[in-house]
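Asker: Have a look at the structure that comes next, please.
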């Protein structure tokens with residue numbers, strides 16, 4: 001299967017500053033890129049100011065956060081609040097043991113459910 005020439009939408013996949021767990025973020029990001037989705041990511045933890053390019057992308061549909069560390073729950077909550085303030089049209093998805101405390105629109109650590117959620121905009125655009 002060939003990836004589309006023009007990405008149908010984009011996603012921001014990050015961990016906040018101080019979050020050490022990045023393995024699933026990297027795996028899922030690679031999988032989505034292979035499907036032709038533009039994925040913004042960073043190899044290091046971010047703060048809201050670090051993601052201004054992604055947030056200004058009008059094709060941005062999802063912000064995905066990994067929430068493992070109890071010590072960064074406050075930072076995750078603040079990040080989610082700021083994303084929602086700046087981009088009311090974007091869905092925030094969080095996964096991991098602390099995700100239910102994140103304030104995200106959708107909380108899931110189930111890869112099948114995640115895939116179904118992010119596949120919906122592709123179907124709306126008439127793509128497979």
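Asker: Looking at the structure I just gave you, is residue 32 closer than 23 Å to residue 18 by Cα, assigned to a helix (DSSP H, G or I) and touching a strand residue (DSSP E or B) at 6+ places or on another chain (Cβ under 8 Å)? Spell out the reasoning first.
Answerer: Details: closer than 23 Å to residue 18 by Cα: no; assigned to a helix (DSSP H, G or I): yes; touching a strand residue (DSSP E or B) at 6+ places or on another chain (Cβ under 8 Å): yes.
No: the conditions fail for residue 32.
Asker: Follow-up question, since we're still on this one. Can you pull out the residues in segment 56-84 that are within 15 Å of the chain's Cα centre (by Cα) and part of a helix (DSSP H, G or I)?
Answerer: Selection gives 56, 76, 77, 79, 80, 81, 82, 83, 84.
Asker: Would you mind finding the one in 50, 100, 57 that is in contact with a strand residue (DSSP E or B) (Cβ under 9 Å, 6 or more places away or on another chain) and in contact (Cβ under 8 Å) with a residue 40 or more places away in the chain?
Answerer: Details: 50 fails: in contact (Cβ under 8 Å) with a residue 40 or more places away in the chain; 100 fails: in contact (Cβ under 8 Å) with a residue 40 or more places away in the chain.
Checking each option against the conditions leaves just 57.
Asker: So is residue 93 closer than 25 Å to residue 6 by Cβ, outside any helix (DSSP H, G or I), at pLDDT 90 or above and within 13 Å of the chain's Cα centre (by Cα) or not? Walk me through how you get there before you give the answer.
Answerer: Working: closer than 25 Å to residue 6 by Cβ: yes; outside any helix (DSSP H, G or I): yes; at pLDDT 90 or above: yes; within 13 Å of the chain's Cα centre (by Cα): yes.
The answer is yes for residue 93.
Asker: Would you be able to say whether some residue in segment 64-73 is out of contact with any strand residue (DSSP E or B) (no Cβ under 7 Å at 6 or more places or on another chain), modelled with pLDDT under 95 and within 23 Å of residue 115 (Cα to Cα)?
Answerer: Yes: one or more hits.
Asker: Still on this model: Taking into account only those residues within segment 1-26 that are more than 23 Å from residue 73 (Cβ to Cβ) and out of contact with any strand residue (DSSP E or B) (no Cβ under 8 Å at 6 or more places or on another chain), which is modelled with the lowest pLDDT?
Answerer: The initial filter retains those residues of segment 1-26 that are more than 23 Å from residue 73 (Cβ to Cβ), namely 1-10.
The next check asks that each one be out of contact with any strand residue (DSSP E or B) (no Cβ under 8 Å at 6 or more places or on another chain); those that pass are 1-6, 8.
Details: 1: 41, 2: 50, 3: 48, 4: 50, 5: 67, 6: 79, 8: 86.
Ranking the qualifying residues of segment 1-26, first place goes to 1.
Asker: Of all residues in segment 15-29 being surrounded by 13 or more Cβ atoms within 10 Å (Cβ to Cβ) and out of contact with any helix residue (DSSP H, G or I) (no Cβ under 9 Å at 6 or more places or on another chain), which is farthest from residue 98 (Cα to Cα)?
Answerer: Among them, the one singled out is 29.
The values are calculated or read from the model by the stated rules, or taken from the named source; none is laboratory data. In this text the structure is predicted, and so the values were computed from the model without any measurement. For neighbour counting, all protein chains shown are included, and Cβ atoms are generated from backbone atoms with ideal geometry for every residue, glycine included.
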